[in-house]
Amino acid sequence: MTQKQETIHKHFFSDMSVMLGRSMRHIFRSMDTIITVTIMPIAFMLLFVYVFGGAIQTGTANYVNYLLPGILLIAIASGISYTAFRLFTDVQRGIIERFRSMPIAPSTMLWGHVLTSLVSNAISVVVIILVALIMGFRSSAGILSWLAVFGILALFTLALTWVAVIPGLTAKSIDGASAFSYPLIFLPFISSAFVPTRSMPLVVRVFAENQPVTAIVDTIRALLAGQPVSQEIWVALAWCVGILLVAYIFAMRAYRKRVS
């Protein structure tokens, strides 16, 4: 690596840390966003465990163990809507144009929002797991399995966050910037997150078994149970990486169009 390349990399990471700090300050000044993100999934978890849990046959002794992976994905899908909202607000306030006039790497503002999403969603995930432990969740997973779980959740968060960047840059209204997340929040309900797919009608079952949430949920559930993971882990990783790459390409295209 040449000295010029080293200088560019140093400036990029320095600028990105500044943008991350800026976005994180916004988060901590309005903690209600994290609270809002965690309340809904926790409410779903309480509802399904204590109201519907006795009527749902999953083949597991503890329904909260079965339910938790899907709840975590719902929390992440809900949390990334705030990334679109914050980015849309920056666009409307002319922050992008203001940063263009400053000697900073152009894409660092986006990365600041993306990394902030990763941190804030990680906080939500930890809070939900703590609540699940109070509700009776238990795991026999080892350290490596837990690291794998958090790695998959982080990759899933990054993928959806880059999806969120697109409406954040292109939406015409605040409602339009955040409305895209509704189908993502609903997607776990048509998967193996709450009930086994074998109990579903044929058409619904085919869709449920071939959409990304089922592969991710099944993989996380097996890891948390300390069981061997099947080829589902590769399907889950392929979905996450594929969504991440496609979303990143379209997000950067939208950003270049915005700043041009």
*List pairs: first in the stretch 75-94 and over 14 Å from A179 (Cα atoms), second among the aromatic types (F, W, Y) and surrounded by fewer than 23 Cβ atoms within 10 Å (Cβ to Cβ), Cβ under 9 Å, 6+ apart or cross-chain?*
D90/F99
*Would you check which residues across the stretch 204-231 are of a type in the set (A, V, I, L, M, F, W, C), within 16 Å of F186 (Cα to Cα) and open to solvent by 10 Å² or more (accessible area, probe 1.4 Å) and list them?*
V204, F207
_Whether any residue in the stretch 155-162 is more than 19 Å from F88 (Cα to Cα), in contact (Cβ under 8 Å) with a residue 40 or more places away in the chain and of a type outside the set (S, T, N, Q) is what I want to check._
yes
*How do the pairs read when you match residues in the stretch 182-205 that are basic (K, R) with residues anywhere that are surrounded by fewer than 12 Cβ atoms within 10 Å (Cβ to Cβ), using Cβ under 8 Å and keeping only pairs 6 or more apart or on different chains?*
R205/R198
_Segments classed as helices (runs of 4 or more DSSP H), wholly inside the stretch 108-209, with at least 2 members that are more than 16 Å from the chain's Cα centre (by Cα) and of a type in the set (S, T, Y)_ = 143-170
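The values are calculated or read from the model by the stated rules, or taken from the named source; none is laboratory data. Just so it is clear, the model here is predicted, and its values are computed rather than measured. No Cβ is skipped: glycine too gets one built from the backbone with ideal geometry, and neighbour counts run over all protein chains shown. Only protein heavy atoms, including side chains, enter the accessible area calculation; ligands, DNA and RNA are left aside. Shrake-Rupley method; radii C 1.70, N 1.55, O 1.52, S 1.80 Å.
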